[in-house]
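Below is one structure, written out as structure tokens, with a few remarks after it.
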Amino acid sequence: MKTIRKLIHGEIIRAVGFVVLGFLALFIFFDVVDQLQAVSRSAMTGYQFHHALIYVSLLIPGHLYELLPLSVLIGSIFVMARFAQSSEFTILRTGGLGPWRALGSLFKLGLIFVALTFFIGDYVTPVANRHAQLLKARFQGLITVGQTGAWLKEKQQDLNFAVNVGALNSDGQLNRVRIHAFSPEGRLNYVTTAAVATIGQGQWQLQQATQQIYNSDPKAPAHIETRQLPSWSWPTDISTEMVAAALLSPDRMQTLDLFQYMRHLAANGQNAQRYEIEFWRKVFYPLSCLVMLSLALPFAYLHFRSGHITGYVFGGVMAGISFYLLNNVFGFMGNLNNWQPWLTSAAPALIYSAVSLATFWWLVLRQ
């Protein structure tokens, strides 16, 4: 059994690696072509071709994370179909490789792909994407969203804060910062603005800040006191990752950072639906490698005629692409319709798991 498992695993790993390299080469080509236009537009700011190559290289982990489950499906279907066409799998079945043993052997390999997908998506991709965005901001402008930047909220013991960050520069500094402090009754206490701020451990350091203090006593005459502060420290739990989450797409964050940001939004009465869906998507997406392998196994039990293997492999490829599209569609629909986040993220994997198990029962166990 160990020899059989080594044979199947080795063939699938080689096929998956070949498919991954082919997809990555295609995506890299498209990224390079896109960056050639960016080089011509940003030539005056110093953005050159070698910077574009670095930027494209930093996008590779993200592409690999998205393509790995699809590549597992295509590679494993090709191997299983080839085994069936050459009757190798029939020989393995006569040697004692039953359906459940075959499925268990594939799942052992699938756990390796699950761990690899999770590692790339949770550790490599967020770091690479962050450096890519900072590199782009260095030559093409600040990282921002919309016309006014990002808004965040925080509740402290005696005050509520609404924070506006205009942009994030390539050095990780915050630009165009405004901090609005409100009393528990909703009265505006003060507004502090600064052109530049840095995030430290448990505090923000605002440079050359302007603070406008409003009279919070309704019985006293209304007045505004303005102060010029060379440096002002604001104690807060809002971290760099939270600001980046507000300015960038949540899929660029680590799972733990997403969870902490979700709790921060919920604690401050903000809608966290989008980030909850992305959190559960990050949890379930690596497990889709197991679904892909279970979809591929029935191909080993088909009886191929000459030239018919290509059609079955093409059908498997279309199934993988449909899974990828459905995964994205469910995310958008769940966010619009306020569906349960974990169910929205798990639904594509559950649907395709049911299809794969039904196919496995019909083609394998029923016969």
Looking at (1) exposed (fewer than 14 other Cβ atoms within 10 Å of the Cβ); (2) modelled with pLDDT under 85; (3) within 20 Å of L159 (Cβ to Cβ), find the lone condition where R227 falls short. (2)
Residues being outside any helix (DSSP H, G or I) and not polar (S, T, N, Q) - total across the range 80-96: 2
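Do the conditions hold for V56, that is, is it crowded, with 21+ Cβ neighbours inside 10 Å, closer than 30 Å to S322 by Cα and at pLDDT 80 or above? Before you say what the answer is, go through the steps one by one.
On the way: crowded, with 21+ Cβ neighbours inside 10 Å: no; closer than 30 Å to S322 by Cα: yes; at pLDDT 80 or above: yes.
No; evaluated as a whole, the condition is false for this residue.
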Just a yes or no: is a residue in the range 161-180 under 30 Å from R5 (Cα atoms) and either in contact with a Lys or Arg (Cβ under 7 Å, 6 or more places away or on another chain) or outside any loop (DSSP other than H, G, I, E, B) (or both)? no
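Among what's in the range 320-338 and is within 11 Å of L73 (Cα to Cα) and modelled with pLDDT of 80 or more, pick the residue that is surrounded by the fewest Cβ atoms within 10 Å (Cβ to Cβ).
Of all residues in the range 320-338, those within 11 Å of L73 (Cα to Cα) come to 320-321, 323.
Subset that is modelled with pLDDT of 80 or more: 321, 323.
Working: I321: 13, F323: 21.
Among residues in the range 320-338 that are within 11 Å of L73 (Cα to Cα) and modelled with pLDDT of 80 or more, the one surrounded by the fewest Cβ atoms within 10 Å (Cβ to Cβ) is I321.
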Exactly one of these conditions fails for Q85: (1) at positive phi; (2) surrounded by 15 or more Cβ atoms within 10 Å (Cβ to Cβ). Give me its number. (1)
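State whether the residues of the range 66-73 include one that is surrounded by fewer than 18 Cβ atoms within 10 Å (Cβ to Cβ) and either over 24 Å from the mean Cα position of the chain (by Cα) or not in a loop (DSSP other than H, G, I, E, B) (or both). So that I can check it myself, show each step before the final result.
Residues of the range 66-73 surrounded by fewer than 18 Cβ atoms within 10 Å (Cβ to Cβ): none.
No, the range 66-73 contains no residue that is surrounded by fewer than 18 Cβ atoms within 10 Å (Cβ to Cβ) and either over 24 Å from the mean Cα position of the chain (by Cα) or not in a loop (DSSP other than H, G, I, E, B) (or both).
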Can you name the residue in the range 119-178 that is under 20 Å from T210 (Cβ atoms) and aromatic (F, W, Y) and is also modelled with the lowest pLDDT among such residues? W151
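The values are calculated or read from the model by the stated rules, or taken from the named source; none is laboratory data. Being a predicted model, the structure only gives us computed values, none of them experimental. FYI the Cβ positions are ideal-geometry reconstructions off the backbone, even for glycines, and counts take in every protein chain you see.
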